[in-house]
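Enquirer: Here it is, the structure in full.
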Amino acid sequence: MTDTVSANAPTEMSRPSRLSEFWYYFRENRGAVFGLWIFAAFVFCAAFGPLLAPHDPTEQFRQFTLLPPAWQEGGNWTFPLGTDPLGRDMLSRLVVGARFSFFVGVIVVTIAASGGIMVGLIAGFAPQWLDSIIMRIMDVILAFPSLLLALVLVAILGPSLTNAMIAIAIVLQPHYVRLTRASVLSEKQKDYVTSARVAGAGFLRLMFVTVLPNCLAPIIVQGALSFSTAILDAAALGFLGMGAQPPTPEWGTMLAEAREFILRAWWVVTFPGLAILVTVLAINLMGDGLRDALDPKLKRS
């Protein structure tokens with residue numbers, strides 16, 4: 001008996017924890033690890049942007065308007081990435097702008113995911129007629145182009161960063177509803193749900209304790225992808241003048257302010273565009289890694 005226990009002990013001890021198992025599959029995707037490092041740098045800039053910025057992002061150095069980057073002829077190392085048409089430091093505005101983009105992503109995903117998960121759970125457990133009504137409403141919202149619908153909502157609410165976040169959250173919410181409902185309908189048919197129902201679990205316990213935790217994997221992946229979508233949509237609304245308003249150093253607003261100087265001063269458009277590109281690409285790569293690590297169908301045995 002003792003020999004049997006001792007023989008089994010290494011097997012039990014060698015069984016990896018969920019976190020180590022997740023990291024094992026996540027790091028198999030090298031693009032996801034690269035995206036994670038870029039995203040970590042983005043979060044660091046968002047958290048400590050005002051401390052990292054060499055200048056106040058709204059301070060105007062009128063004698064240095066449209067100064068090229070430091071490595072270009074006529075540049076000045078006081079402004080490594082040059083200045084904009086009003087003489088504001090591009091590097092400072094880009095670093096502080098990460099805070100606004102991160103804030104947009106967090107708020108939008110939180111609002112969209114919270115509302116979408118709740119409605120999706122209700123649709124998954126609701127009678128057929130109520131489920132049909134909910135899903136037809138979601139289909140109507142999805143029938144509109146997302147940016148156009150966001151523009152209409154911001155036009156009704158008024159142009160501001162807060163209203164842009166609300167509009168983007170409403171536009172993204174149907175994706176969470178459909179995903180949550182599909183996961184709930186799949187999980188409801190499994191034996192552990194039937195056992196919990198037979199054991200006397202209440203309706204709310206079935207929804208939030210029994211079923212919801214087993215639906216979180218695809219929702220987490222959707223959250224990561226929605227984060228990048230929120231940053232893109234906020235930048236698009238800012239570019240169109242319906243999002244953050246000047247002098248806020250938001251990347252889309254910076255592009256809008258610089259578009260008439262695109263031929264004279266390439267840096268005022270290139271650097272905000274690159275910031276959006278690199279950040280969104282990193283988040284999407286990280287989302288692919290999350291999908292690989294959280295989806296058991298994609299794990300190698």
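Here, each number is a calculation from the coordinates, and none is a lab measurement. A quick note: this is a predicted structure, and the numbers were derived from the prediction, not measured. FYI the Cβ positions are ideal-geometry reconstructions off the backbone, even for glycines, and counts take in every protein chain you see.
Enquirer: Among the residues in region 128-142, are any assigned to a helix (DSSP H, G or I), in contact (Cβ under 8 Å) with a residue 60 or more places away in the chain, out of contact with any helix residue (DSSP H, G or I) (no Cβ under 6 Å at 6 or more places or on another chain) and more than 17 Å from VAL106 (Cβ to Cβ)?
Expert: no
Enquirer: Just to check your reading of the model, which residue among GLN72, GLN60 is more than 28 Å from the chain's Cα centre (by Cα) and under 22 Å from GLN245 (Cβ atoms)?
Expert: GLN60
Enquirer: Given the conditions (1) under 30 Å from LEU240 (Cα atoms); (2) surrounded by fewer than 17 Cβ atoms within 10 Å (Cβ to Cβ), and given that THR194 satisfies all but one, which numbered condition is not satisfied?
Expert: Tallying (1) under 30 Å from LEU240 (Cα atoms); (2) surrounded by fewer than 17 Cβ atoms within 10 Å (Cβ to Cβ), THR194 fails exactly one: (1).
Enquirer: Now, a different point. Filter region 25-71 down to residues that are in contact (Cβ under 8 Å) with a residue 60 or more places away in the chain and part of a loop (DSSP other than H, G, I, E, B), then give me how many there are.
Expert: So the answer is 7.
Enquirer: Need pairs with beta-carbon distance below 7 Å; first residue within 16 Å of GLY124 (Cβ to Cβ) and without any contact (Cβ under 8 Å) to a residue 60 or more places away in the chain and within region 191-206, second polar (S, T, N, Q) and assigned to a helix (DSSP H, G or I); sequence gap 6+ or separate chains.
Expert: Short answer, once both residue conditions are applied: VAL193/THR210; ALA196/THR210; ALA201/THR210.
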